[in-house]
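Working notes, structure below.
The values are calculated or read from the model by the stated rules, or taken from the named source; none is laboratory data. Since this is a predicted model, take the numbers as computed values, not measurements. Here the Cβ positions follow ideal geometry from the backbone for every residue, glycine too, while neighbour counts run over all protein chains shown. All accessible areas refer to the heavy atoms of the entire protein, side chains included, with ligands and DNA or RNA removed. Shrake-Rupley method; radii C 1.70, N 1.55, O 1.52, S 1.80 Å.
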Amino acid sequence: MSEFQEKSPVLTREQLTADVVRLTLHCPRIAAAAKPGQFVMVRAGETLDPLLRRPFSIHKVTAEGGLAVLFKVIGKGTRLLATAAPGSSLDVIGPLGRGFYPDKTGPHCLIGGGMGIAPLYFLAHQLLAAGSSHANPPVLLGAQTQAELMLLAQEFTELGYPVLTATDDGSLGHQGFVTDLLDALLTEVRQVYVCGPLPMMRTVAAKCRGAGVACQVSLETHMACGLGACLGCTFPASSGGYRHVCKDGPVFSAEEVAWSR
Ligand SMILES: Cc1cc2nc3c(=O)[nH]c(=O)nc-3n(C[C@H](O)[C@H](O)[C@H](O)COP(=O)(O)OP(=O)(O)OC[C@H]3O[C@@H](n4cnc5c(N)ncnc54)[C@H](O)[C@@H]3O)c2cc1C
Ligand code: FES
């Protein structure tokens, strides 16, 4: 797998909510090599503080070399990145990791929670581009409030996917967990792809196992290097031992994960 380091001009900056930002960067070599589910490591600023790059899923790519990341501001790195203005540049390494294994035969169901929605847009786009002609069940999207979901849900709809939403406060769609929406679909899907908070993915994995449906999960851990060099991103595997999220993943079969350890 090829990875590149590119000084990437910021093409656009969109403020989706008070604390969710989407940056589109120009990094043509990374964008051309990227697969859905892979990620990039972005240096947050020009100085050595913060020292470590921050990992972000590849949210979208364009034929013109654009690559979008969608993120929530939670600490120093994302606070700095959120101020990146069009015309400025960010240092980006990628594409990194192993992404989703697209199964174009479908029907497939994509489930995203919070910023876990980010890699699923790229996947949805590529599944269609790869010729998945199946009448797909809805994409299931969950977030705390309507504000976080509105634009993203609309973009999946524009791709041609039906969308069902769930919010914690009931401001859009089902009030409650996005995983509640999966039960009614399990009899008709062959493959589930999920990215979001760990408890959500654990629930989806258990439901899929119960129904005999294949499930791929995209895991998130703290990452220092993103390159397999620091051992900072391990999680316990069902077969014993540990796996690196940055090198062996971030996408795994749900069966590979020791959910209870
Ligand atoms: C493969 C991968 C893909 C990711 N994709 C996205 C994405 O598309 N959009 C997005 O918004 N975020 C994504 N993340 C998470 C993102 O990398 C972190 O939110 C970011 O690094 C936080 O940096 P910070 O400097 O703002 O916060 P920090 O100051 O580093 O941390 C602030 C607080 O958040 C906690 N924290 C930091 N990183 C994580 C993490 N990975 N998991 C749990 N808690 C954490 C810290 O412990 C601390 O309490 C991804 C992470 C990984 C590993
Ligand atoms: S982040 Fe360093 S080994 Fe995975």
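Mind listing whichever residues of the range 229-254 are more than 9 Å from ligand 2 (Cβ to nearest atom), part of a strand (DSSP E or B) and either among the aliphatic types (A, V, I, L, M) or open to solvent by 30 Å² or more (accessible area, probe 1.4 Å) (or both)?
237, 242, 243, 251, 253
Answer yes or no: is there a residue in the range 167-185 that is of a type in the set (A, V, I, L, M) and within 14 Å of ligand 1 (Cβ to nearest atom).
Restricting attention to the range 167-185, the residues satisfying the condition of being of a type in the set (A, V, I, L, M) are 172, 178, 181-182, 184-185.
Applying the additional criterion that residues be within 14 Å of ligand 1 (Cβ to nearest atom) yields none.
No - not one qualifying residue is present in the range 167-185.
Looking at 150, 201, which is the one that is of a type in the set (A, V, I, L, M, F, W, C), without any contact (Cβ under 8 Å) to a residue 24 or more places away in the chain, surrounded by 15 or more Cβ atoms within 10 Å (Cβ to Cβ) and not in a loop (DSSP other than H, G, I, E, B)?
Values: 201 fails: without any contact (Cβ under 8 Å) to a residue 24 or more places away in the chain.
After ruling out the rest, the residue left standing is 150.
What's the total number of residues in the range 20-59 that are of a type outside the set (Gly, Ala, Ser) and either open to solvent by 60 Å² or more (accessible area, probe 1.4 Å) or assigned by TED's automatic domain parsing to the domain that holds residue 124 (or both)? Talk me through it step by step, then tell me what you get.
Quick first cut of the range 20-59, residues of a type outside the set (Gly, Ala, Ser) only: 20-30, 35-36, 38-43, 46-56, 58-59.
After this cut, where a residue has to be either open to solvent by 60 Å² or more (accessible area, probe 1.4 Å) or assigned by TED's automatic domain parsing to the domain that holds residue 124 (or both) as well, the list is 26, 29, 35, 43, 46-49, 51-52, 54.
Total meeting the criteria: 11.
Consider residue 88 carefully, then state whether it is out of contact with any Ser or Thr (no Cβ under 6 Å at 6 or more places or on another chain) and surrounded by fewer than 20 Cβ atoms within 10 Å (Cβ to Cβ). Write out each step before concluding.
Values: out of contact with any Ser or Thr (no Cβ under 6 Å at 6 or more places or on another chain): yes; surrounded by fewer than 20 Cβ atoms within 10 Å (Cβ to Cβ): yes.
Against the criterion (out of contact with any Ser or Thr (no Cβ under 6 Å at 6 or more places or on another chain) and surrounded by fewer than 20 Cβ atoms within 10 Å (Cβ to Cβ)), residue 88 qualifies.
Yes/no matrix, rows are residues, columns are (1) part of a helix (DSSP H, G or I); (2) within 25 Å of residue 43 (Cα to Cα); (3) among the acidic types (Asp, Glu):
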site	(1), (2), (3)
90	no, yes, no
101	no, no, no
112	no, no, no
117	yes, yes, no
121	yes, yes, no
124	yes, no, no
